[in-house]
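The values are calculated or read from the model by the stated rules, or taken from the named source; none is laboratory data. Please read all numbers here as calculations on a predicted model, not as lab measurements. Cβ: placed from backbone, ideal geometry, glycine included. Neighbour counts: every protein chain shown.
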Amino acid sequence: MPKGDIVAGLDIGASKIVALIAEVDAEGRFDIIGLGESLSGGLRKGVIIDLEHTARAIERAVEQAERMSGEEIRSVYVGVTGPHIASLNNRGVVAVANEDKEIQPEDVERVLQAARVIPLTADKQIIHVLPRQYIVDGYDGVVDPVGMTGSRLEVEAVIITAASAALLNTLKCVQRARLQVEELVLNPLASAEAVLHQAEKELGAVLVDIGGGTTEIAIFAQGSLWFTSVLPIGGDHVTSDLAVGLRTPIAQAEKIKKEHGCVLMSLMPDNEFIEVPSVGGGGKGTVSKKTLAAIMQPRAEEIFTLVKQEIKRSAFTGLLPGGVILSGGGAMLAGMAELGAEQLQMPVRVGFPARMGGLGDMVASPPYATAVGLVAYGARRLAYAQAAATRHFSLGNLWQRFREWLREFF
Ligand SMILES: Nc1ncnc2c1ncn2[C@@H]1O[C@H](COP(=O)(O)OP(=O)(O)OP(=O)(O)O)[C@@H](O)[C@H]1O
Ligand SMILES: [Mg+2]
């Protein structure tokens with residue numbers, strides 16, 4: 001088999017950093033060939049606060065993935081997250097330039113430029129302009145207008161913005177790890193790429209990625225993204241509640257949470273007990289599993305209450321029959337899907353990354369959704385760029401401009 005192109009993804013999480021290397025074929029299918037993982041620790045609420053520490057952790061993860069794959073990587077698709085992320089829906093309108101009124105790739109670029117025009121303070125930066133549909137002379141639902149005839153081209157798009165400083169710190173970290181940023185990608189957009197089915201995106205569904213320090217939300221309908229936001233709360237808050245409630249060190253609380261924890265009291269028996277080492281190593285106590293759940297449930301409920309508020313803010317309440325898909329390490333908590341269904345009054349399932357070859361089984365679990373989604377996104381980009389090259393048009397659009405923006409700083 002001829003060797004395909006190589007794509008690498010880098011998920012800089014609050015708990016762990018994951019580097020994934022994939023080999024991509026012309027259709028955008030990919031095999032996972034390298035995985036590297038390191039403990040994080042240099043982030044707070046999804047934002048990098050310790051550059052050097054994070055850069056070294058990135059290096060460790062990348063070296064491990066390189067060793068496994070036998071490939072050296074120079075550039076990576078990097079996930080971005082944090083409560084500073086916001087989304088906004090906008091429209092752009094242009095007159096088709098050509099005399100014969102055939103829409104050219106340049107017209108599409110111009111209309112996307114028009115959609116980018118939003119009031120933006122200097123501390124914010126656009127990271128994605130995602131076209132939802134094009135409208136040609138009033139006819140909507142157009143996916144690819146190039147080659148069509150018309151005099152008025154409109155686009156409806158969702159614009160994703162992020163804090164410039166947070167983006168620059170992410171870039172600095174990646175650069176200190178001697179890598180280039182291929183593109184910055186919104187974390188929940190990547191996770192959705194890995195765990196949402198197309199049918200769910202069409203019907204209307206919400207991706208909820210519960211990480212260590214953040215919970216990321218992305219709402220899809222009619223096949224596209226409509227809304228995204230990031231909450232500064234995650235699985236680590238459940239751990240610290242347990243540590244306080246049981247008077248045990250954080251590391252012990254984390255272990256107990258993973259081995260015995262459950263966020264739904266009604267699922268736990270009254271008569272089962274576990275041993276809990278106390279802070280300072282002074283002896284052990286026992287606690288019932290029901291009590292564990294009683295400590296954990298309120299925090300999980302808080303997460304879903306905030307998710308519910310975000311769905312309300314997006315104006316999609318009652319319009320998401322595809323339900324909720326959970327990913328991230330927090331989705332591994334026992335009882336999470338059941339509690340979510342109860343609280344949100346929607347169907348909830350746990351999302352597992354699928355459809356990968358090679359070493360894909362190693363990353364086929366919810367905490368890897370973002371990393372898998374980043375290589376899936378990169379693979380799609382590559383396939384698209386190749387298809388575009390054969391159709392003789394350039395890709396001088398947003399991400400090209402974004403790279404120019406980066407160059408201004410480095
Ligand atoms: N098997 C498990 N059972 C319960 N909780 C788990 C399990 N595995 C991981 N977690 C929890 O998931 C959280 C980490 O999730 P994840 O690895 O997705 O975070 P991250 O991507 O590094 O962080 P963030 O997305 O917030 O930047 C931690 O709170 C951890 O305790
Ligand atoms: Mg994460």
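Residues 19, 65: which one is under 26 Å from residue 385 (Cβ atoms), more than 16 Å from ligand 2 (Cβ to nearest atom) and buried (at least 21 other Cβ atoms within 10 Å of the Cβ)? Before the answer, list the steps.
Details: 19 fails: more than 16 Å from ligand 2 (Cβ to nearest atom).
Of 19, 65, the one residue that is under 26 Å from residue 385 (Cβ atoms), more than 16 Å from ligand 2 (Cβ to nearest atom) and buried (at least 21 other Cβ atoms within 10 Å of the Cβ) is 65.
Mind listing just one residue for me: the one in segment 171-216 that is within 16 Å of ligand 1 (Cβ to nearest atom) and of a type in the set (Val, Ile, Thr) and, of those, surrounded by the fewest Cβ atoms within 10 Å (Cβ to Cβ)?
As a first pass, look at segment 171-216 and keep what is within 16 Å of ligand 1 (Cβ to nearest atom): 173-174, 184-195, 207-216.
Subsequent filtering for residues that are of a type in the set (Val, Ile, Thr) retains 174, 185, 195, 208, 210, 214-215.
Details: 174: 23, 185: 27, 195: 26, 208: 29, 210: 28, 214: 30, 215: 27.
Going through the qualifying residues, I end up with 174.
Looking only at segment 347-373, how many residues end up being hydrophobic (A, V, I, L, M, F, W, C) and either outside any helix (DSSP H, G or I) or surrounded by fewer than 18 Cβ atoms within 10 Å (Cβ to Cβ) (or both)? Give the derivation first.
Here is the first cut: in segment 347-373, the ones hydrophobic (A, V, I, L, M, F, W, C) are 348, 350, 352, 354, 356, 359, 362-364, 369, 371-372.
From what is left, the residues that are either outside any helix (DSSP H, G or I) or surrounded by fewer than 18 Cβ atoms within 10 Å (Cβ to Cβ) (or both) are 348, 350, 352, 354, 356, 359, 362, 364.
Matching residues across segment 347-373 total 8.
From the list 48, 21, 32, 17, exactly one residue is touching a helix residue (DSSP H, G or I) at 6+ places or on another chain (Cβ under 6 Å) and at pLDDT below 95. Which is it? Spell out how you get there, then give the answer.
Details: 21 fails: at pLDDT below 95; 32 fails: at pLDDT below 95; 17 fails: at pLDDT below 95.
The unique qualifying residue is 48.
Considering only residues of segment 277-298 that are closer than 14 Å to residue 263 by Cα and of a type in the set (A, V, I, L, M, F, W, C), which is surrounded by the fewest Cβ atoms within 10 Å (Cβ to Cβ)?
294
Is it the case that some residue within segment 254-275 is surrounded by fewer than 20 Cβ atoms within 10 Å (Cβ to Cβ), more than 32 Å from the chain's Cα centre (by Cα) and of a type in the set (Val, Ile, Thr)?
Checked segment 254-275: at least one residue is surrounded by fewer than 20 Cβ atoms within 10 Å (Cβ to Cβ), more than 32 Å from the chain's Cα centre (by Cα) and of a type in the set (Val, Ile, Thr).
Name every residue in segment 132-168 that is of a type in the set (Val, Ile, Thr), at pLDDT 95 or above and closer than 28 Å to residue 216 by Cβ, in order of residue number.
Within segment 132-168, 155, 158, 159, 160, 161 qualify.
Only one of (1) touching a helix residue (DSSP H, G or I) at 6+ places or on another chain (Cβ under 9 Å); (2) surrounded by 15 or more Cβ atoms within 10 Å (Cβ to Cβ); (3) at pLDDT below 95 is not met by residue 104, so which one is it?
With (1) touching a helix residue (DSSP H, G or I) at 6+ places or on another chain (Cβ under 9 Å); (2) surrounded by 15 or more Cβ atoms within 10 Å (Cβ to Cβ); (3) at pLDDT below 95 applied to residue 104, the lone miss is (1).
Quickly run through segment 22-46 and pick out the residues that are within 14 Å of ligand 2 (Cβ to nearest atom), among the hydrophobic types (A, V, I, L, M, F, W, C) and either farther than 15 Å from residue 173 by Cα or free of Cβ contacts under 8 Å to residues at least 40 places away in the same chain (or both).
Selection gives 39 alone.
Identify, by number, the condition in (1) within 13 Å of ligand 2 (Cβ to nearest atom); (2) crowded, with 24+ Cβ neighbours inside 10 Å; (3) in contact (Cβ under 8 Å) with a residue 60 or more places away in the chain that residue 238 doesn't meet.
(1)
Restricting attention to strands (runs of 3 or more DSSP E) lying wholly within segment 12-118, give those where 1 or more residues are under 23 Å from residue 182 (Cβ atoms) and of a type outside the set (S, T, N, Q). If you could, list the steps in order and put the result at the bottom.
Details: elements: 16-24, 30-39, 75-80, 86-95.
Fully inside segment 12-118 and qualifying: 16-24, 30-39, 75-80.
Looking only at segment 326-346, filter to residues that are at negative phi and in a loop (DSSP other than H, G, I, E, B); which one of those is farthest from ligand 1 (Cβ to nearest atom)? Explain how you work it out, then say what you get.
First, pick out the residues of segment 326-346 that are at negative phi: 326-327, 329-334, 336-344, 346.
Narrowing the set further to residues that are in a loop (DSSP other than H, G, I, E, B) leaves 333-334, 346.
Details: 333: 4, 334: 7, 346: 21 Å.
By that ranking, first place goes to 346.
Looking only at segment 1-21, how many residues end up being more than 16 Å from the chain's Cα centre (by Cα) and under 20 Å from residue 188 (Cα atoms)? Don't jump to the end; show me each part of the working.
Keep residues of segment 1-21 that are more than 16 Å from the chain's Cα centre (by Cα), which gives 1-7, 21.
Next, from what is left, pick out any that are under 20 Å from residue 188 (Cα atoms): 7, 21.
Matching residues across segment 1-21 total 2.
Being closer than 30 Å to residue 154 by Cβ and of a type in the set (Gly, Ala, Ser) narrows it down to one of 95, 55, 65, so name that one.
On the way: 55 fails: closer than 30 Å to residue 154 by Cβ; 65 fails: closer than 30 Å to residue 154 by Cβ.
Going through 95, 55, 65 in turn, just one is closer than 30 Å to residue 154 by Cβ and of a type in the set (Gly, Ala, Ser): 95.
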